[in-house]
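The values are calculated or read from the model by the stated rules, or taken from the named source; none is laboratory data. What you see is a predicted model; the values in this text were computed from it and never measured. Here Cβ is always computed from backbone atoms with ideal geometry, including for glycine, and neighbour counts include all displayed protein chains.
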Amino acid sequence: MNQLSLPSLKTVVDEVFREAGAIDAGNVTTYIPELARVDPALFALSVCDASGAMIDCGDTRHSFTLQSISKVLGYACVLECFDDETIMRHVGVEPTGEDFDSIIKLDRHKRPFNPMVNAGAIAVTDLLLTRFGAEAAERSLDFFARLIGKEKLSVDEAVLASEQRTSERNRAIAHLLRNFKILENPVEDVLALYFRHCAVEVTTCDLARLGMTLANGGCPPGGGDPVLCPETLRKLLSVTLTCGMYNYAGQWVFEVGFPAKSGVSGGLLGIVPGRYGIGVFSPRVDEKGSSPRGVRVQKRLSAKLNLHMFAPD
Ligand code: GLU
């Protein structure tokens, strides 16, 4: 697969960033009130290659919360810690075609369809709590930090408190899961950890680096030992590809063709196996909870750089 020189890549990335900046569709998320305080005009794009070279455009210093992108990291952690049978008892791997916060429809095995929707991520979080007990927050955040390539991650406490105060819908989902005996731990404990994961602060550079690590056999860009085992990566990327973009997932694979995960704060992570990690941030999101600018950026990069996994060379 031919890799562009850095200057040529930069030309393409700059052009895509400029073009996507013209889009102002969508609105900032308001159901987590603290997220509504963001400047809607912010826009950042980072692309990282396997050498660790980073191309940055726009507000790349601005940090935002992971929100649903944390579902990729939580599932990775669970895949590293539990055998398949245990995980599969709690959460499946089928796309739902439903909204991210759909009040659950369980599959025929009486478990959430996949770990990329809220119900599945809450089930995954429960497994982490069972495994790590009182250390679950510290252990999972250390794991997330290793994947992102940072010493330590910070949590936006205001966003965390805001979601904790208002998230009756997630509370309803968690109670239903507990009713079906999918959650072992008390609802409030599971949700406290789930919201904490969602409130981890990152920049687009962090997302691009994370994306490149996942695109690079689990090895940090620029060199270093793998932070995930190959089996975890295979499973994680498969589920991210088929379920990461919620009710847009099929169309996403059709048009863009690489694993990606969006979040309601406006972050979008792209993982282009063997080639790039892509991080986009723009706080206006559509009714599916994805940033229209972010979607456009990933679509245009896929087309211009021939990134679809089934594209002919
Ligand atoms: N914390 C959000 C929630 O659970 C994450 C949703 C998202 O980013 O799609 O509602």
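A few points about this structure:
- Restricting attention to region 272-304, the residues that are in contact with a helix residue (DSSP H, G or I) (Cβ under 6 Å, 6 or more places away or on another chain) and either crowded, with 22+ Cβ neighbours inside 10 Å or not in a helix (DSSP H, G or I) (or both) total 13.
- Among the candidates Phe195, Phe254, residue that is of a type in the set (Phe, Trp, Tyr), out of contact with any helix residue (DSSP H, G or I) (no Cβ under 8 Å at 6 or more places or on another chain) and not in a loop (DSSP other than H, G, I, E, B): Phe254
- Residue check, Leu269 at pLDDT 95 or above and under 11 Å from the mean Cα position of the chain (by Cα): yes
- Scanning region 42-95 for residues that are under 29 Å from Leu193 (Cβ atoms) and of a type in the set (Gly, Ala, Ser) yields Ala44, Ser46, Ser63, Ser68, Ser70, Gly74, Ala76, Gly92.
- Tallying residues that are crowded, with 19+ Cβ neighbours inside 10 Å and among the aliphatic types (A, V, I, L, M) within region 154-186 yields 7.
- In the set (1) surrounded by 24 or more Cβ atoms within 10 Å (Cβ to Cβ); (2) within 21 Å of Lys288 (Cβ to Cβ); (3) polar (S, T, N, Q), the condition left unmet by Thr96 is number (1).
- Hits in region 54-95 - residues which are hydroxyl-bearing (Ser, Thr, Tyr), in a loop (DSSP other than H, G, I, E, B) and more than 16 Å from the ligand (Cβ to nearest atom): Thr60
- Any chance Phe132 is closer than 20 Å to Leu228 by Cα, over 17 Å from the mean Cα position of the chain (by Cα), hydrophobic (A, V, I, L, M, F, W, C) and assigned to a helix (DSSP H, G or I): yes
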